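The values are calculated or read from the model by the stated rules, or taken from the named source; none is laboratory data. In this text the structure is predicted, and so the values were computed from the model without any measurement. Cβ atoms come from the backbone with ideal geometry, glycine included; neighbour counts cover every protein chain shown.
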């Protein structure tokens with residue numbers, strides 16, 4: 001049980017760390033696909049199959065594609081702006097960011113290691129049918145709200161990303 | 001070490017990686033991806049406590065993660081639309097240069 005979890009953890013944390021450290025955005029997105037797949041494997045390992053498939057559909061499928069499209073759409077054409085100033089290295093900021101990450105992770109991990117954890121009960125069995133009944137029964141209101149949120153997000157994203165009607169065709173602002 | 005402890009360690013590590021990425025990268029897309037990693041760490045915690053917690057007859061953990069997934073997908077869509085809007089106005093997506101609203 002633990003060896004499988006350790007393997008998943010190595011892939012997950014390694015892919016996430018590599019993705020956050022690389023410069024090339026396309027490579028970052030591809031490494032994140034690996035990390036999200038490892039998370040789906042974790043869900044499968046923990047017995048939440050529906051979540052694993054939802055994770056694959058939403059993250060590995062949709063979010064990664066949206067990220068790749070955003071990278072492609074915001075890529076600077078090589079001949080339009082010949083010499084973009086390279087961003088400064090910002091060693092202090094990188095150090096501060098990594099230090100903050102390590103600090104927060106250390107505090108949370110220490111809390112997880114030292115606080116009394118509940119004893120594990122029997123492995124929960126959750127069929128997709130029961131999940132659907134719960135969603136449409138006790139959590140139907142939340143499901144409707146989630147649908148409304150997603151619709152608003154769809155409209156809002158289109159409005160945000162569409163060019164302003166008063167703009168010149170090639171943005172001059 | 002119990003599996004729940006290992007899961008908590010993984011989750012805190014993933015959260016730390018996401019936080020470090022969100023704080024020290026200057027690219028708006030990468031900051032968004034760091035936030036997504038932090039949300040994933042929270043989801044991992046939900047599933048860990050659902051699987052190894054005492055009350056094994058409840059589906060609350062899975063349902064919570066489902067709604068968190070929906071909100072995370074919404075956040076990614078709006079965030080990347082905002083990135084495109086920033087790109088239209090300043091021709092790059094570096095957060096350090098997005099100071100148009102600064103007083």
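Brief remarks on what is shown
- Of all the criteria given as (1) surrounded by fewer than 19 Cβ atoms within 10 Å (Cβ to Cβ); (2) in contact with a helix residue (DSSP H, G or I) (Cβ under 8 Å, 6 or more places away or on another chain); (3) more than 7 Å from chain A (Cβ to nearest Cβ), the one not satisfied by residue B:79 is (1).
- Residues located in region A:138-167, provided they are closer than 24 Å to residue A:43 by Cα and either assigned to a loop (DSSP other than H, G, I, E, B) or assigned by TED's automatic domain parsing to the domain that holds residue A:54 (or both): A:138, A:139
- Meets criteria (crowded, with 22+ Cβ neighbours inside 10 Å and within 7 Å of another protein chain (Cβ to nearest Cβ)) for residue B:7: no
- When residues of region B:51-68 are limited to those that are surrounded by fewer than 21 Cβ atoms within 10 Å (Cβ to Cβ) and within 21 Å of the chain's Cα centre (by Cα), the one modelled with the lowest pLDDT: B:60
- The single residue among B:74, B:28, B:48, B:20 that is without any contact (Cβ under 8 Å) to a residue 60 or more places away in the chain and either within 30 Å of residue A:159 (Cα to Cα) or within 10 Å of the chain's Cα centre (by Cα) (or both) turns out to be B:74.
- Hits in region A:1-19 (condition: within 14 Å of residue A:37 (Cβ to Cβ) and surrounded by 18 or more Cβ atoms within 10 Å (Cβ to Cβ)): A:8, A:9, A:12, A:13, A:15, A:16, A:19
- When the test is whether a residue is touching a helix residue (DSSP H, G or I) at 6+ places or on another chain (Cβ under 9 Å) and either modelled with pLDDT under 90 or surrounded by fewer than 20 Cβ atoms within 10 Å (Cβ to Cβ) (or both), residue B:48 does not pass it.
- Here the condition is being without any contact (Cβ under 8 Å) to a residue 12 or more places away in the chain, in a helix (DSSP H, G or I) and within 16 Å of the chain's Cα centre (by Cα); of A:62, A:35, A:16, it holds for A:62 alone.
- Test result for residue B:84, more than 8 Å from chain A (Cβ to nearest Cβ) and crowded, with 17+ Cβ neighbours inside 10 Å: no
Residue-by-condition table, conditions (1) within 30 Å of residue B:21 (Cβ to Cβ); (2) more than 7 Å from chain B (Cβ to nearest Cβ); (3) modelled with pLDDT under 90:
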site	(1), (2), (3)
A:100	yes, no, yes
A:108	yes, no, yes
A:114	yes, yes, yes
A:118	no, no, yes
A:128	no, yes, yes
A:138	no, yes, yes
A:165	no, yes, yes
A:170	no, yes, yes
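- Pick from region A:41-50, criterion crowded, with 21+ Cβ neighbours inside 10 Å and assigned to a helix (DSSP H, G or I), ranking: nearest to the other protein chains (Cβ to nearest Cβ): A:46
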